[in-house]
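The values are calculated or read from the model by the stated rules, or taken from the named source; none is laboratory data. Source: prediction; values computed, not measured. Please note: Cβ atoms are built from the backbone with ideal geometry, for glycine as well, and neighbour counts cover all protein chains shown. Ligands, DNA and RNA are excluded from the accessible area calculation, which covers all protein heavy atoms including side chains. Shrake-Rupley method; radii C 1.70, N 1.55, O 1.52, S 1.80 Å.
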Amino acid sequence: MGFDLEKYFGRTKMRGLGIKSGVLLLAAGLGLGAMGSAVSAESLQDVLKRRGLSQQDLLAAAKTYVPTGKRDEFLAFSSGGQSGQVIVYGIPSMRILKYIGVFTPEPWQGYGFDENSKAVLKQGWIDGKEITWGDTHHPAISETNGQYDGQFLFINDKANPRLAVIDLRDFETKQIVVNPIFKSEHGGAFVTPNTEYVIEAAQYAAPLENKKFYPLEEFNEKYRGGVTYWKFDRKEGRLNPKESFTVELPPYSQDLSDAGKGPSDGWSFTNSFCTERYVGGIEKGRPPYEAGCSAKDTDYLHVINWKKAAELVKQGKAKKINGHDVLMMETAIQEGILFLIPEPKSPHGADVTPDGKFIVVSGKLDTHVSVYSFEKIQAAIKAGKFESKDPYGIPVIGMKDALHTQVQLGLGPLHTQFDSKKCIAYTSLYVDSQVAKWDFCQGKVLDKISVHYNIGHLMTMEGDTVAPKGRYLVALNKLSIDRFNPVGPLHPQNHQLIDIANDKMQLLYDMPLPLGEPHYVVAIEASKLKPGVRYKVGTDSRTDKPHPGAVRAGEERIEKKGNKITVYGTLIRSHITPETIEAEVGDEVTIHLTNLERAQDETHGFTVSTYNVHASVEPGKTVTVKFKADKEGVYPYYCTEFCSALHLEMQGYLLVKPKGWKPTKTTMAKGNYTETDYKATLKKVADTQAVIDSVVGYITSTNFKDFPDVVAMVEDATDQLNKIKDAKQKHEAAAAQKDWEQANLWAEQVWQYQVKAADIGLRAKTYLEQNGARKVK
Ligand code: K7E
Ligand code: CUA
């Protein structure tokens with residue numbers, strides 16, 4: 001580090017805190033802030049003793065610790081439960097990286113506070129009603145040939161039957177669809193091996209016609225369940241409701257689903273509980289749901305040929321309900337695409353093995369997992385060998401005719417995931433608070449580990465694909481009880497990381513998740529994700545299309561038509577254009593803002609005091625906030641991300657004047673500046689230029705063009721430097737007039753551009769140094 005800070009900023013007296021903080025920031029950038037430490041270092045043994053750590057703890061730490069600057073091997077996408085969001089974290093470090101706003105407004109991302117994201121949330125309104133929460137359960141990553149491709153993420157909302165699409169190029173929610181015939185759902189989102197469809201199964205049966213009442217006495221006749229197959233248009237990155245359809249099912253509570261793969265591709269499996277079709281009513285003296293819904297020893301696994309179903313729908317064999325194609329049970333039975341298989345008592349998980357040959361089902365109230373053979377199921381169907389029909393005429397395949405094996409695992413088996421090693425599965429045992437490792441080919445238990453406590457789902461790396469990656473397992477525990485520092489009666493959830501690379505499982509880490517109850521999580525190899533760092537300038541990130549309100553630098557303007565004010569503004573360090581917006585009480589104000597930055601992580605935020613608007617404007621993005629200026633007053637607006645040394649100065653005023661207001665004072669207050677001030681500023685400008693030249697010299701002496709991130713930074717810095725010409729002319733003209741305020745302030749503005757350019761330049765230099773740039777001649 002050969003830079004002289006004194007030389008960098010000259011010996012000029014600094015005016016105001018903003019400049020001082022600028023110096024500090026740049027000093028940090030130069031690495032000059034580090035202090036030597038006089039305390040002698042503790043040895044590893046000392047630390048183990050002081051913190052009461054065992055060798056086993058040390059090993060766990062070594063397996064999970066990701067040193068500063070290093071990255072995780074896998075990225076996990078967790079349902080955010082009642083928060084209606086998605087939580088992204090790294091594995092093995094378990095560091096949370098992002099909360100993605102999905103069904104719920106999320107202020108940091110401006111989600112639900114800017115017009116573009118409001119439009120996404122509005123797609124999720126039901127019967128004209130705004131719904132601002134969701135009960136998210138199952139995330140699913142898009143697949144190609146049964147493997148995660150890292151392009152899209154889907155997640156369901158159980159409470160308000162909806163699905164959302166998140167684009168993994170920017171980790172933003174792009175679409176919400178409302179199920180047109182269900183009143184609740186659960187078995188979603190699960191994708192078919194090439195993401196042709198996203199599966200969403202109903203949960204609690206209800207009449208399918210929208211807003212139609214039938215009494216509970218007509219439950220068996222009028223209430224229905226179903227499985228919806230949402231057509232996914234990969235090119236558009238959106239679900240296509242017009243090409244989606246539902247297979248009508250009996251009023252059993254459909255539950256988890258999975259799509260077949262390999263030999264079972266084209267089929268899907270959905271289990272159910274309460275096939276008793278019991279209707280409670282304790283207030284009328286009837287035994288409760290929980291008793292009536294678990295009376296029988298078996299429930300039903302629904303086996304559906306979705307590929308054939310899709311063809312039948314294309315042939316016009318579906319019936320329109322609420323404008324949506326529904327393949328009625330009668331047709332499905334007739335066409336031979338719908339079957340049932342008994343499964344043990346109140347099952348929960350239904351998981352297809354990576355080879356697609358087996359379906360693993362766990363009965364919550366049974367100690368076994370049941371492994372069904374797809375081959376046997378097909379043989380029974382072919383032979384027309386059914387043991388009975390259910391009350392709706394659906395053929396029922398005998399359990400014995402479909403079972404491959406049953407394995408006794410423990411109490412309360414729920415969900416199953418798979419290892420990279422052949423035949424190895426892991427099943428959560430809710431009541432036992434354990435994970436069981438077992439062999440589904442041979443049907444034997446291999447290992448068990450206790451978790452804390454009451455595990456629901458569990459997840460292995462890419463563990464629901466055709467090619468699981470093994471290595472780690474995460475237990476999603478419903479209760480954490482005593483694991484963390486107490487924070488009141490509502491406890492965080494506990495995701496426990498378990499090493500599964502060896503014969504014996506090892507518990508590595510407890511991660512509290514304080515954002516709703518995550519039901520399921522999926523993890524993908526980090527190297528498969530290639531998210532962008534900036535948008536093409538002027539992009540509406542919610543539609544992926546050019547934003548009509550985008551402008552380039554110098555094109556900013558304010559238009560007023562009647563009582564509508566439209567601002568076409570820009571953001572770039574450390575400046576909002578425009579700096580003043582004038583309105584009259586009652587005007588409707590629309591502000592489009594484009595972030596002109598290209599540098600990575602240079603996000604600006606935007607808010608107007610007390611008008612409940614906020615936007616997160618990442619590099620290149622254009623976003624709109626809109627409100628009615630319904631109260632007279634002066635309302636500061638500002639950038640909400642600490643984006644630069646003069647971030648606090650990234651501000652402006654919305655002036656809301658009373659109707660018919662006329663100004664009485666027309667000049668601004670003058671500052672007290674002298675020629676000496678002006679000269680001092682010029683000296684500072686000259687010194688700073690020398691440093692910029694030196695940074696530029698360094699950058700251009702390397703192969704920086706091989707680093708797109710650096711090229712973007714250089715472009716940004718050049719942008720800043722290009723603005724100097726205009727400011728320079730202004731200060732020189734003012735100086736000629738001896739207007740020392742104008743002269744000094746425009747000269748200061750030159751320095752501002754320099755500081756920003758230098759800041760970017762230093763980041764580029766650090767980047768080059770850390771990423772092995774070469775010297776070039
Ligand atoms: Cu909580 Cu998959 Cu919705 Cu099981 S689900 S635990
Ligand atoms: Cu832009 Cu702070």
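Among the listed residues TYR698, TYR767, identify the single one that is open to solvent by 40 Å² or more (accessible area, probe 1.4 Å), more than 26 Å from ASN595 (Cα to Cα) and aromatic (Phe, Trp, Tyr).
So the residue among TYR698, TYR767 that is open to solvent by 40 Å² or more (accessible area, probe 1.4 Å), more than 26 Å from ASN595 (Cα to Cα) and aromatic (Phe, Trp, Tyr) is TYR698.
In the range 72-86, how many are touching a helix residue (DSSP H, G or I) at 6+ places or on another chain (Cβ under 9 Å) and either in a loop (DSSP other than H, G, I, E, B) or closer than 15 Å to GLU106 by Cα (or both)?
2
Quick one: GLU632 ticks every box in (1) under 30 Å from GLY569 (Cβ atoms); (2) out of contact with any strand residue (DSSP E or B) (no Cβ under 6 Å at 6 or more places or on another chain) bar one, so which box is it?
All conditions are met except number (2).
Looking at PHE642 and the list (1) in contact (Cβ under 8 Å) with a residue 40 or more places away in the chain; (2) within 16 Å of ligand 2 (Cβ to nearest atom); (3) open to solvent by 90 Å² or more (accessible area, probe 1.4 Å), which single condition is not satisfied?
The failed condition is (1).
Among THR539, THR566, THR570, THR543, which is within 16 Å of ligand 2 (Cβ to nearest atom), among the polar types (S, T, N, Q) and in contact (Cβ under 8 Å) with a residue 12 or more places away in the chain?
THR570
Looking for whichever is open to solvent by 70 Å² or more (accessible area, probe 1.4 Å) and under 20 Å from CYS441 (Cβ atoms) here; the options are LYS376, LYS389, LYS385. Which one fits?
So the residue among LYS376, LYS389, LYS385 that is open to solvent by 70 Å² or more (accessible area, probe 1.4 Å) and under 20 Å from CYS441 (Cβ atoms) is LYS376.
Please give the number of the condition GLU143 fails out of (1) touching a Pro at 6+ places or on another chain (Cβ under 6 Å); (2) open to solvent by 10 Å² or more (accessible area, probe 1.4 Å); (3) within 16 Å of ligand 1 (Cβ to nearest atom).
(3)
Looking only at the range 491-498, decide whether some residue is touching a strand residue (DSSP E or B) at 6+ places or on another chain (Cβ under 9 Å), away from ligand 1 (no atom under 16 Å from the Cβ) and over 21 Å from VAL431 (Cα atoms).
Taking every residue of the range 491-498 in turn, none turns out to be touching a strand residue (DSSP E or B) at 6+ places or on another chain (Cβ under 9 Å), away from ligand 1 (no atom under 16 Å from the Cβ) and over 21 Å from VAL431 (Cα atoms).
Name the single residue that is farthest from ligand 2 (Cβ to nearest atom) among those in the range 516-531 being farther than 14 Å from LEU473 by Cα and open to solvent by less than 50 Å² (accessible area, probe 1.4 Å).
HIS519
Out of curiosity, is VAL435 within 16 Å of ligand 1 (Cβ to nearest atom) and either open to solvent by 20 Å² or more (accessible area, probe 1.4 Å) or part of a strand (DSSP E or B) (or both)?
yes
Please pick out the residue among VAL522, VAL533 that is within 16 Å of ligand 1 (Cβ to nearest atom), under 23 Å from the mean Cα position of the chain (by Cα) and not charged (D, E, K, R).
None of the others qualify; the one that does is VAL522.
Quick one: how many residues across the range 188-206 are of a type in the set (Asp, Glu) and assigned to a strand (DSSP E or B)?
Final tally of qualifying residues: 1.
Give ALA645, ALA599 a once-over and let me know the one that is small (Gly, Ala, Ser), more than 16 Å from ligand 1 (Cβ to nearest atom), more than 23 Å from the chain's Cα centre (by Cα) and part of a loop (DSSP other than H, G, I, E, B).
ALA645
Would you check if there is a residue in the range 339-354 being basic (Lys, Arg) and within 16 Å of ligand 1 (Cβ to nearest atom)?
Yes: one or more hits.
Out of the strands (runs of 3 or more DSSP E) lying entirely within the range 456-536, which hold 2 or more residues that are in contact with a Lys or Arg (Cβ under 8 Å, 6 or more places away or on another chain)?
Of the strands (runs of 3 or more DSSP E) lying wholly inside the range 456-536, those with at least 2 residues that are in contact with a Lys or Arg (Cβ under 8 Å, 6 or more places away or on another chain) span 493-499, 506-513.
For the range 651-662: of the residues being modelled with pLDDT under 95 and touching a strand residue (DSSP E or B) at 6+ places or on another chain (Cβ under 9 Å), which is nearest to ligand 2 (Cβ to nearest atom)?
TRP661
Given the conditions (1) open to solvent by 20 Å² or more (accessible area, probe 1.4 Å); (2) within 16 Å of ligand 2 (Cβ to nearest atom), which single one is not true for ASP114?
It fails just one condition, (1).
Quickly run through the range 158-187 and pick out the residues that are away from ligand 1 (no atom under 16 Å from the Cβ), under 20 Å from TRP108 (Cβ atoms), of a type outside the set (Val, Ile, Thr) and part of a strand (DSSP E or B).
ASP167, GLU172, LYS174
Could you name every one of the helices (runs of 4 or more DSSP H) located completely within the range 267-366 that has at least 3 residues being modelled with pLDDT of 95 or more and open to solvent by 10 Å² or more (accessible area, probe 1.4 Å)?
It comes to 306-314, 329-334.
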